[in-house]
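Worksheet: one structure, shown below.
The values are calculated or read from the model by the stated rules, or taken from the named source; none is laboratory data. Computed from a prediction, not measured in an experiment: that's the story for all the values here. Cβ sites come from the backbone with ideal geometry, for glycine too, and all protein chains shown count toward neighbours.
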Amino acid sequence: MKPESLMMSYGYKPSLSEGAIKCPIFQTSTFVFNTALEGKRFFEVAYGLREKDQDEEMGLIYSRLNNPDLEILEDRLCLWDGAEECAVFESGMSAISTAMMEFMKPGDLLLYSKPVYGGTDHFINHFLKKLQISSVGFRADETKEEIIKKIEEKGLGHKLSMIHIETPANPTNAIIDIEMCAEIKKHFETIENPIVFSVDNTYMGPVWQHPLKHGADLVLYSATKYIGGHSDVIAGACLGSKELMGRVKGLRTFLGNMAGPWTGWLLMRSLETLKVRMDQQAKNAKHVAEFLNAHPLVESVYYLGNAAVNGTEKERELIAKQYKSYGAMIAFDIKGGEKEAFCFLDNLKLIKLAVSLGGTESLAEHPQTMTHADVDSEDKVAMNITEKLIRLSIGVENYDDLISDLKSAFDQINH
């Protein structure tokens, strides 16, 4: 069966919960062992002191280690990406930061795509520097050869321990070739120096892109966005192989940044409607993009549907290879600058002026002064994150109403 069908029941046995058709919220910190020997065996597996027996089911110990709501949620999330294991966190940033801290150490090098989400950019360029972890960034228009040369010229190839990309990039929808990055990993990787390659799939996932199938080792999400989808929960997720996820879950246990049972339950609820929500959002975004393409106050529209038609040959090939949809995120340059952008944003009514994305409601924000305010100013210019850029997250409303709202906001600029 397809994932959207399995979201209703996969991993859950009603008979274990008084026949409840939906998984209850297991709001408990600890779990009772039947015997002392059972508790001993559970801990042996949990702390890696022995491998789980072939027919042995891992028991419940403590909600920092495992909880039914999280375990069922993690099993269901694995279905979309074809991953072996998943770990859910209290936020997208906790998922990203935990993965980076687990697979890098002082003296290592991180290769990352630009732009990335503003919080990720800050973590890379401020916090990781405190740990003496250096970084090299690259843009979507740079070739594999140029990126490899950039690393080799710095003499840091032997220090490369992690590659992290975000595609499509937040906020410009810049497209990064996942398979190219896997080839860069292969170029520098040795037995003595393994490299972990992670992809932030928040803009597309988990329905519209599956990075693990293109050579990524880990896929990361702000589950706050499409997975949660209702702007009422903060969460993150990391997925990959059993080997890598064993390490990620180990650090999660000791950092204590796992999601709680209530968060797990809310995300399970949201997974049931994930595909129908995302399909409607993508449909709406197509109509909104067509409106923006024709509007006289719009200079440029950054949308995968545009790139699929008018982009470079490389962009068109990548969209066909990596994406199952053009998505529901649109950015555009308004004619003018901050004054015109703010006037437009201040006059939206149906579309709300707020950061975040992927929810049922449509949102608009100003990346240069909001989500990406902390990004280096020269980098912002190079990546088209200028004062005239506006980012839209398209929701599930009627698209005619969304377009009417956009039109009314544009009309106020000339008044």
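The conditions of being under 28 Å from Ser94 (Cα atoms), among the hydrophobic types (A, V, I, L, M, F, W, C) and in contact with a helix residue (DSSP H, G or I) (Cβ under 7 Å, 6 or more places away or on another chain) are met by Leu251. Of everything in segment 89-144 that is out of contact with any Lys or Arg (no Cβ under 8 Å at 6 or more places or on another chain) and aromatic (Phe, Trp, Tyr), the residue that is surrounded by the fewest Cβ atoms within 10 Å (Cβ to Cβ) is Phe127. Being closer than 21 Å to Met268 by Cα and touching a strand residue (DSSP E or B) at 6+ places or on another chain (Cβ under 8 Å) is a property that holds for Ala83. Residues that are surrounded by 11 or more Cβ atoms within 10 Å (Cβ to Cβ) and assigned to a loop (DSSP other than H, G, I, E, B) within segment 30-49 comprise Phe31, Phe33, Tyr47, listed in sequence order. Just to be sure, is Asn384 under 14 Å from Ala174 (Cβ atoms) and of a type in the set (S, T, N, Q)? Spelling it out, Asn384 is indeed under 14 Å from Ala174 (Cβ atoms) and of a type in the set (S, T, N, Q). When the residues of segment 242-280 are narrowed to those that are farther than 21 Å from Ser9 by Cα and not assigned by TED's automatic domain parsing to the domain that holds Val207, which ends up farthest from the chain's Cα centre (by Cα)? If we take residues in segment 242-280 being farther than 21 Å from Ser9 by Cα and not assigned by TED's automatic domain parsing to the domain that holds Val207, then Gln280 is farthest from the chain's Cα centre (by Cα). The residues of segment 130-145 that are over 23 Å from the mean Cα position of the chain (by Cα) and more than 12 Å from Cys181 (Cα to Cα), listed by number, are Lys130, Leu131, Gln132. Checking each residue in segment 354-369 for being aliphatic (A, V, I, L, M) and over 14 Å from Ala331 (Cα atoms) picks out only Ala354. Within the option set Phe123, Phe188, being at pLDDT 95 or above and closer than 14 Å to Ile96 by Cβ holds for one residue only, Phe123. Residues of segment 289-302 that are within 23 Å of the chain's Cα centre (by Cα) and assigned to a helix (DSSP H, G or I): Ala289 alone. Could you go through segment 98-108 and let me know if any residue there is in contact (Cβ under 8 Å) with a residue 12 or more places away in the chain and in contact with a Pro (Cβ under 9 Å, 6 or more places away or on another chain). The answer is yes; a qualifying residue exists.
The single residue among Ser231, Ser198 that is surrounded by fewer than 24 Cβ atoms within 10 Å (Cβ to Cβ), in contact with a strand residue (DSSP E or B) (Cβ under 9 Å, 6 or more places away or on another chain) and of a type in the set (S, T, N, Q) turns out to be Ser231.
Just to verify a result, which residue in segment 170-195, among those that are without any contact (Cβ under 8 Å) to a residue 60 or more places away in the chain and among the aliphatic types (A, V, I, L, M), is surrounded by the most Cβ atoms within 10 Å (Cβ to Cβ)? Filtering first and then ranking leaves Ile195. The C-beta contact set for segment 143-158 (first residue without any contact (Cβ under 8 Å) to a residue 12 or more places away in the chain, second residue outside any loop (DSSP other than H, G, I, E, B), distance under 8 angstrom, 6+ apart or interchain) comprises Glu146/Phe138.
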